[in-house]
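Peer 1: Below is a structure I'd like to ask you about.
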Amino acid sequence: MHDLAPLTALAGTTPVQDSIGPVTITEAPDWALASVAARLGQEKACSTALASVLGADIPGVAAHTQGPAMSAFWTGPHIWIVEAPYDSHEDLAAMLSAKLGECASVTEQSDAWVRFDVTGDGIERLFERLCNLDLAKLGQGAARRSVIEHLGCYVIRGTEGIHVYGPRSSAQSLHHALTSAARAVF
């Protein structure tokens, strides 16, 4: 029998955390992700069902919504990514598929993305160097798609900082971009 152990996207057994000046960049592997796309003609039913599952209004265009146990962010017309703590929602995609039924197509996304949480003073200055978003103008709950070092990423303004989702296969490159920019700024 094989003795397998999970690794984070940065190939560690524990998440990487870098403190550079006033900013902390933390690999956040403990999130389950699933995309939800309303099926043609089922947009209203999907929106209603998803809001019920989230326990909150669905996020509007370029927004993020936090529910009691799960949150979601908008990625396109009638398309969202739902996120939840992995420990309590390992089967997030299956649960969403069962609850949303025929009104939505649900796809497991947990292993497709890497998440970095960026906190601290001056994160706006850091992201000025990384992407074309003006974080000073983005309030809490904003979610935007942008490019960081040629990688398509989602940048979400949370309550305690910025959450960056990028392709898991490019986790090292995204981590390098974040830490290099932080060293340049701070």
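Peer 1: What does the C-alpha gyration tensor say about the overall shape of the stretch 25-89? Classify as rounded when a/c is under 1.5, otherwise prolate if a/b is larger than b/c, or oblate.
Peer 2: It is prolate, given that a/c is not under 1.5 and a/b is the larger ratio.
Peer 1: Got a sec? How would Leu40, Leu33 order by Cβ neighbour count within 10 Å, fewest to most?
Peer 2: Ordered from fewest to most neighbouring Cβ atoms within 10 Å, Leu40, Leu33 come out as Leu40, Leu33.
Peer 1: Can you find, among Gly21, Cys46, Ala93, the residue farthest towards the positive end of the dipole of the chain? Put +1 on the C-beta of Lys and Arg, -1 on that of Asp and Glu.
Peer 2: Highest projection toward the positive end goes to Cys46.
Peer 1: Report the Cys residues of the chain lacking a disulfide-compatible partner, meaning no second Cys Cβ under 4.7 Å from their Cβ.
Peer 2: Here Cys131, Cys153 come out as lacking a disulfide-compatible partner, given the Cβ-Cβ threshold of under 4.7 Å.
Peer 1: Which residues does a label at Ile79 reach in the stretch 109-123, if reach means a backbone N under 20 Å from a point 7 Å past the Cα toward the Cβ?
Peer 2: 109-115
Peer 1: A further question follows. With +1 on the Cβ of every Lys and Arg and -1 on the Cβ of every Asp and Glu, and nothing else charged, how large is the dipole of the chain about its Cα centre, in debye rounded to the nearest 20?
Peer 2: 580 debye
Peer 1: Please state, as a whole number in µm²/s, the translational diffusion coefficient that the Stokes-Einstein equation yields for the chain at 4 °C and 1.567 mPa s, with Rh defined as the Kirkwood radius across alpha carbon pairs. Can you show the working numbers first?
Peer 2: On the way: Rh = 17.1 Å.
Estimated via Stokes-Einstein, D reaches 76 µm²/s.
Peer 1: Give me the one-decimal nm value for the distance between modelled label points at Glu102 and His176, 7 Å along each residue's Cα-to-Cβ direction.
Peer 2: Distance between label points: 5.0 nm.
Read-outs: derived from the displayed coordinates by stated rules, not from any lab. Worth saying up front: this structure is predicted, and the values here are computed from it rather than measured. Positions of Cβ are backbone-derived with ideal geometry, glycine not excepted, and every protein chain shown enters the neighbour counts.
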